[in-house]
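A short worksheet on the structure shown next.
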Amino acid sequence: MAYVITEPCIGVKDASCVDVCPVECIYEADDQFYIHPEECIDCGACVPACPVEAIYAEPDVPAGMEKYVALNAELSNDWPGISRTHEPLPDADHWAGVKDKFAELQRHP
Ligand code: SF4
């Protein structure tokens with residue numbers, strides 16, 4: 001099992017998870033963070049740190065977000081690891097309140 005970062009991270013990238021992860025297994029893409037499933041030690045420390053409830057243990061990933069299990073496994077290999085936190089994205093407050101981010105991106109690309 002590993003932990004998985006899901007859709008609420010998109011457009012937010014608060015990065016509080018990075019501060020608490022003891023093994024630096026979080027990777028930064030342009031739009032969101034991903035967790036490398038083979039590096040994650042399943043400690044769960046990142047879950048309460050995330051202000052938008054984007055992180056779940058793999059068996060608990062909400063319905064409709066199952067694709068993020070594969071996306072974390074795949075894209076954590078394609079993006080650089082992040083070991084220091086940074087400020088959330090400039091529009092984080094807006095995106096934190098958007099429920100269907102892909103629909104919102106189509107309305108306001
Ligand atoms: Fe890092 Fe622990 Fe979260 Fe895995 S569960 S990403 S090891 S903080």
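Summing Lys and Arg as +1 and Asp and Glu as -1 over all other residues whose Cβ lies under 12 Å from the Cβ of LYS67 gives a net charge of -3. Helices in the chain, meaning DSSP H runs of at least 4 residues, each add -39500 (n - 2.57). Divided by all residues, the mean residue ellipticity at 222 nm is -6000 deg cm²/dmol. Applied to the stretch 74-91, the Karplus parametrisation 6.51 cos²θ - 1.76 cosθ + 1.60 on θ = phi - 60° returns per-residue 3J(HN,Hα) values of 7, 7, 5, 7, 9, 10, x, x, 10, 10, 10, 6, 8, 5, x, 4, x, 9 Hz, with x for Gly and Pro. Other residues whose C-beta falls under 13 angstrom from the C-beta of ALA96 contribute a net charge of -3, scoring Lys and Arg +1 and Asp and Glu -1. Is the C-alpha gyration tensor of the chain telling us rounded, prolate or oblate? Criteria: a/c under 1.5 is rounded; beyond that, a/b larger than b/c is prolate, otherwise oblate. Since a/c reaches 1.5 and a/b is larger than b/c, the shape of the chain is classed as prolate. Counted without the sites themselves, the longest stretch of the chain free of trypsin sites (Lys or Arg not before Pro) in a DSSP loop having at most 12 other beta carbon atoms within 10 Å is 1-83.
Values quoted throughout were computed directly from the atomic coordinates according to the rules given, and no laboratory measurement underlies them. Values in this document were obtained by computation on a predicted structure and should not be read as measured data. Note: ideal-geometry Cβ built from the backbone for every residue, glycine included; neighbour counts use all protein chains shown.
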